[in-house]
2 protein chains.
Amino acid sequence: MGTVSKALSLLGHFNRARPQIGLSDMTRLSGLNKATVHRLLTELAEQGFVEQVGSGREYRLGPAFLRLAALREAAVPMREVSLKVLHELSAATGETAHLSLLQGDQLSTLAYAYSPVHGTRVTMEDAEVLNLHATSSGLAVLAFSPPDFVDKVLSAPLVAKTPDTITDPDQLRARLSAVRETGIAEYVGGFEEDVHSHAVPIFDATQSVIGAVAVAAPVARMNADLIATIRTEVKRCALDLTRLLGGFLPDGFNRENAA
Amino acid sequence: MGTVSKALSLLGHFNRARPQIGLSDMTRLSGLNKATVHRLLTELAEQGFVEQVGSGREYRLGPAFLRLAALREAAVPMREVSLKVLHELSAATGETAHLSLLQGDQLSTLAYAYSPVHGTRVTMEDAEVLNLHATSSGLAVLAFSPPDFVDKVLSAPLVAKTPDTITDPDQLRARLSAVRETGIAEYVGGFEEDVHSHAVPIFDATQSVIGAVAVAAPVARMNADLIATIRTEVKRCALDLTRLLGGFLPDGFNRENAA
DNA sequence: AACCAACGGTTCGAATAATGAGCCGATAAT
DNA sequence: ATTATCGGCTCATTATTCGAACCGTTGGTT
C-alpha cells in the first residue's frame with residue numbers, strides 16, 4: 001500500500017462513535033507504526049484534513065472536508081438529486097428510504113428520507129456505515145459486483161450484527177444469485193433486529209454498481225400488500241436514480257424486473 | 001514536501017470554475033511530474049477522494065468527502081470553531097470580538113470573546129439580537145444580501161436604538177455600497193452609544209452571506225492605529241471563518257480587500 | 001514520594017517506496 | 001499523412017518512509 005493510501009485510510013477510522021482519536025489509538029487501529037502514524041497525521045493536519053483538539057492532543061477530522069464536500073456537491077449534485085427521489089420513495093411507501101454508496105468494502109449512507117405516516121419508523125444517521133453481508137443494500141451491491149470483489153468480501157471474517165445475520169459465504173452466494181434473478185434484494189433483521197428491508201442496486205456511467213437504494217420497515221408492519229408496493233416503488237426509484245446520476249444498467253440486468 | 005501533502009494539495013486545485021481536471025492540466029497546475037501526478041491521483045481514486053468521469057478521463061472530487069464532511073459536522077459544532085477564532089481575534093486587537101448569524105431579519109450572536117488587555121470593554125450577552133440597520137455586522141450582511149431582502153428590511157420601520165442610528169433607507173443604501181467596495185463595514189454608536197465597531201461578512205458553501213464577524217471597541221479608545229489593526233485582523237478572521245465553516249467568498253467579493 | 005504505565009512525540013540506520021525522463025498507443029486537429 | 005496532446009506506463013536512480021528504541025510528561029497507584 002502506498003503512503004498516500006495509508007494516510008487516507010487513517011481518516012476511515014473516524015466515525016460518529018469515535019469522533020476523535022489519539023496517536024496511540026490510531027496506531028492500534030491502523031496497525032501501522034507509531035512514528036509513521038504520527039508523521040501521516042502531521043501531514044494531514046498541515047493540509048487541514050485533521051486537526052488536533054486543544055487538550056489531550058487527540059486528532060479529529062479537519063475543516064477541509066466541508067469545503068471539498070461543497071465543491072463535490074457543486075460538481076455532482078448527487079445528494080441533492082437523491083434526497084428528492086428518496087422523499088418521493090418514502091412518501092409512496094410510507095416507510096424509511098435511503099441511498100448508500102459503495103466505499104471500499106462498506107456502504108456509506110449518502111441520504112435518507114422518513115415518511116411522516118407512522119409514528120414508528122426505521123431511523124438512520126448521517127454517513128451511517130452498513131455491512132455488505134448484513135443488509136439488503138449490501139446484497140444488492142454484491143450481486144452485481146465483480147466476482148473477485150465478492151470473493152474478497154466473503155472471504156473476510158463476517159461479523160454477525162444480529163442473530164439473523166447471514167455469515168455463511170455459501171448461503172450468501174445463494175442469496176446473491178437470487179438477487180440477480182429478480183433484480184431486488186431482501187433482508188430481514190440482518191443489521192438491526194426487527195427491520196425488514198428491500199434494496200435495488202444503482203449503476204454509474206460505466207455500468208458498474210455504485211450503491212443501492214433501499215426501503216426499510218419494521219418487521220411488524222410488513223405484509224403482502226406493503227411488500228408488493230415497496231418492491232414496485234423501490235425498483236422504479238432505483239431506475240430513476242441510475243438515470244438521474246448519469247448511469248446505465250448493465251447488460252445482464254433484468255429490465256422487466258427492474259421496471 | 002511529503003508525498004501525502006503533494007497528494008492532498010492536488011485536491012486544492014479543484015474549485016467551482018474548474019470542477020474537473022485532466023492529468024496533463026493537473027501536472028501543469030501542480031508543477032509535479034506527470035507520472036507522479038498520475039500515481040497520486042490513482043491512489044486518491046482508490047480511496048474515493050477523486051473519481052474519473054467517463055469520457056475525457058478527467059478527474060473530479062470523489063464521494064468520500066460527503067461522508068467525511070458529515071462526520072466533521074457532527075464532531076465539531078460551529079460554535080466551538082468560531083469561539084477559537086474569536087479568541088484569537090480579540091487577542092490580536094485587544095477588543096471584543098463577536099460572530100453573529102442571520103436569522104430572519106435580525107442577527108443573532110453565536111459567540112463572542114473578550115480581551116483581558118483593557119479594564120473597560122464592550123460587553124455582549126449570549127444570543128444577543130442585533131438590528132441589521134443599526135450595527136456594523138448588519139451592514140456587512142445587508143451589503144451582500146439579495147436586493148429583495150434588502151428592500152424588505154429597509155422598507156420596514158427602522159428603530160433608532162440611539163441618536164446615532166441611521167434610519168434613512170437612502171443613507172443606509174449608500175453605506176451598503178461603500179461596504180461592497182471595501183469589503184468591511186463600520187458603525188459608530190448605532191446600537192449602543194460610545195461603541196465603534198467594524199464587521200466583515202462570512203459566507204456559506206453556496207456563497208450566500210450567513211452572518212458577520214465584528215470587533216467592537218469603546219469610541220474613546222479608537223484611533224488610527226487601532227483602526228488599522230482591527231480592519232486587518234477582522235478581515236483575516238472573517239476569511240478564516242468562512243473557510244472553517246466550509247463556505248466560499250462570492251465571486252464579486254474583493255479578495256484584495258478581504259486578505 | 002516513589003513508582004509505573006501510558007501518553008504524544010522524536011531519532012536514525014535500514015528498507016522501501018517515490019521519482020521523473022522518456023516511451024506508448026489513441027485521439028484529434030492540421 | 002503528419003503532428004501535437006492526451007492519459008497511462010516503465011524502470012533505474014534516489015530520496016523518502018519505516019520502525020525499534022528512546023525521550024519527557026502526565027496521571028494514577030502504592
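Using Cα centres only, tell me the gap between the stretch A:1-52 and the stretch A:63-101 in whole Å.
Each part's Cα centre sits 27 Å from the other's.
With +1 on each Lys and Arg Cβ and -1 on each Asp and Glu Cβ, how big is the dipole of the stretch A:154-249 about its Cα centre, in debye rounded to the nearest 20? If you can, show how the numbers build up before the last one.
On the way: 9 positive and 12 negative charges, 63 e Å.
So the magnitude is around 300 debye.
Kindly give the distances from A:Val188 to its copy-mates, label point to label point, with each label point 7 Å from Cα along Cα→Cβ, as nm values to one decimal ordered shortest first.
In nanometres, ordered from closest: 7.8.
Over all residues in A:98-106, what is the mean tally of Cβ atoms on other chains that come within 10 Å of each residue's Cβ?
Numbers: counts 0, 0, 0, 5, 2, 7, 4, 0, 0.
That works out to 2 on average.
If r is the Cβ-Cβ distance from A:Lys84 to B:Ala160 and R0 is 56 Å, what FRET efficiency results, to the nearest 0.05?
Details: r = 46 Å, r/R0 = 0.82.
Step by step, r from the Cβ atoms, then E = 0.75.
Write out the trypsin sites (Lys or Arg not before Pro) in the stretch B:1-76 meeting two conditions: DSSP loop, and at most 16 other Cβ atoms within 10 Å of their Cβ.
Details: sites: B:Lys6, B:Arg16, B:Arg28, B:Lys34, B:Arg39, B:Arg57, B:Arg60, B:Arg67, B:Arg72; in loops: B:Arg16, B:Arg57.
Sites meeting the loop and neighbour criteria: B:Arg16, B:Arg57.
Based only on the alpha carbon positions, what is the Kirkwood hydrodynamic radius of chain A, in angstrom?
Details: mean 1/r = 0.0513 Å⁻¹.
Evaluated over chain A, this radius sits at 19.5 Å.
Quick one: length gained pulling A:Leu226 to A:Leu29 fully straight, 0.36 nm per residue minus the C-alpha distance? Please report the intermediate quantities before stating the final value.
Details: separation 197, 0.36 × 197 = 70.92 nm, distance 4.26 nm.
Using 0.36 nm per residue and subtracting the Cα-Cα distance, I get 66.7 nm.
Using θ = phi - 60° and the Karplus curve 6.51 cos²θ - 1.76 cosθ + 1.60, what whole-Hz ³J(HN,Hα) does each residue of the stretch A:37-49 get, with Gly and Pro shown as x?
Listing the rounded values in order: 4, 4, 5, 5, 5, 4, 5, 4, 5, 4, 9, x, 8 Hz.
Enumerate the aspartates and glutamates that B:Lys34 could reach by cross-link, defined here as Cα to Cα under 15 Å, with residues fewer than 8 away along the same chain left out.
Cross-link targets: B:Asp25, B:Glu43, B:Glu58.
Nm distances between the label at A:Val81 and the same-position labels in the remaining copies, 7 Å along Cα→Cβ, shortest first?
The answer, with the shortest distance listed first, is 2.7 nm.
Counting pairs of Cα atoms in the stretch A:191-259, how many percent are more than 17 Å apart? Intermediate results must be reported in sequence, preceding the final value.
Working: 1045 of 2346 pairs.
Distances greater than 17 Å cover 45 percent of the Cα pairs.
May I ask you to list the aspartates and glutamates whose Cα is less than 19 Å away from that of A:Lys152, ignoring any residue fewer than eight positions away on the same chain?
Straight-distance partners of A:Lys152: A:Asp105, A:Asp168, A:Asp170, B:Glu46.
Per residue and in cubic angstrom, what volume does the convex hull of the Cα atoms of the stretch B:108-178 have?
Details: hull volume 8.6 nm³, N = 71.
Normalising the Cα hull of the stretch B:108-178 by residue number yields 122 Å³.
Assuming a viscosity of 1.306 mPa s and a temperature of 10 °C, what translational diffusion coefficient in µm² per second does Stokes-Einstein assign to the stretch B:1-56, Rh being the Kirkwood radius over Cα pairs? Let's see the in-between values first.
Values: Rh = 11.4 Å.
It diffuses with D of about 139 µm²/s by this estimate.
Can you give the Rg/Rh ratio of the stretch A:50-194, where Rg is from the C-alpha atoms and Rh is the Kirkwood radius? Mind dumping the intermediate values first?
On the way: Rg = 17.6 Å, Rh = 17.3 Å.
Checking Rg against Rh, the ratio lands at 1.02.
Using the charge dipole of the stretch A:27-102 (Lys, Arg: +1 at Cβ; Asp, Glu: -1 at Cβ; taken about the Cα centre), state which of A:Leu102, A:Leu44, A:Val85 has its Cα farthest towards the positive end.
Of the listed residues, the answer is A:Leu44.
State the answer as a single residue: which of B:Leu226, B:Leu139, B:Thr162 lies farthest towards the positive end of the charge dipole of the stretch B:76-258, with beta carbon charges of +1 for Lys and Arg and -1 for Asp and Glu, about the Cα centre.
B:Leu226
What translational diffusion coefficient, in µm²/s and rounded to a whole number, does the Stokes-Einstein relation yield for the protein assembly as shown at 20 °C and a viscosity of 1.002 mPa s, taking the hydrodynamic radius as the Kirkwood radius over Cα pairs? Don't skip to the answer; put the middle values down first.
Working: Rh = 25.5 Å.
Answer from the Stokes-Einstein relation: 84 µm²/s.
Just to be sure I understand: with springs between alpha-carbon atoms less than 10 Å apart, which residue in A:Arg121, A:Arg18, A:Arg180 has the highest mean-square fluctuation in the Gaussian network model of chain A?
Result: A:Arg18 has the largest fluctuation of those listed.
Could you order A:Thr167, B:Thr242 by accessible surface area, starting with the largest, using a probe radius of 1.4 Å?
On the way: A:Thr167 60, B:Thr242 5 Å².
So, going from the largest accessible area down, we get A:Thr167, B:Thr242.
Using +1 on the beta carbon of Lys and Arg, -1 on that of Asp and Glu, and nothing else charged, what's the dipole of chain B about the Cα centre, debye to 20?
Details: 24 positive and 29 negative charges, 251 e Å.
That gives a dipole near 1200 debye.
With +1 on the Cβ of every Lys and Arg and -1 on the Cβ of every Asp and Glu, and nothing else charged, how large is the dipole of the protein assembly as shown about its Cα centre, in debye rounded to the nearest 20?
On the way: 48 positive and 58 negative charges, 272 e Å.
Computed about the Cα centre, the dipole is about 1300 debye.
Can you give the FRET efficiency to the nearest 0.05 for A:Ala178 and A:His38, using r as the Cβ-Cβ distance and R₀ = 45 Å? Walk me through the numbers before you get to the answer.
Details: r = 48 Å, r/R0 = 1.07.
Working from the Cβ atoms, E equals 0.40.
The values are calculated or read from the model by the stated rules, or taken from the named source; none is laboratory data. Since the model is a prediction, treat every value here as computed from it, not as a measurement. Cβ coordinates were reconstructed from backbone atoms using ideal geometry, including for glycine residues, and neighbour counts include every protein chain displayed. What goes into the accessible areas is simple: the full protein's heavy atoms, side chains included, and nothing from ligands, DNA or RNA. Shrake-Rupley method; radii C 1.70, N 1.55, O 1.52, S 1.80 Å.
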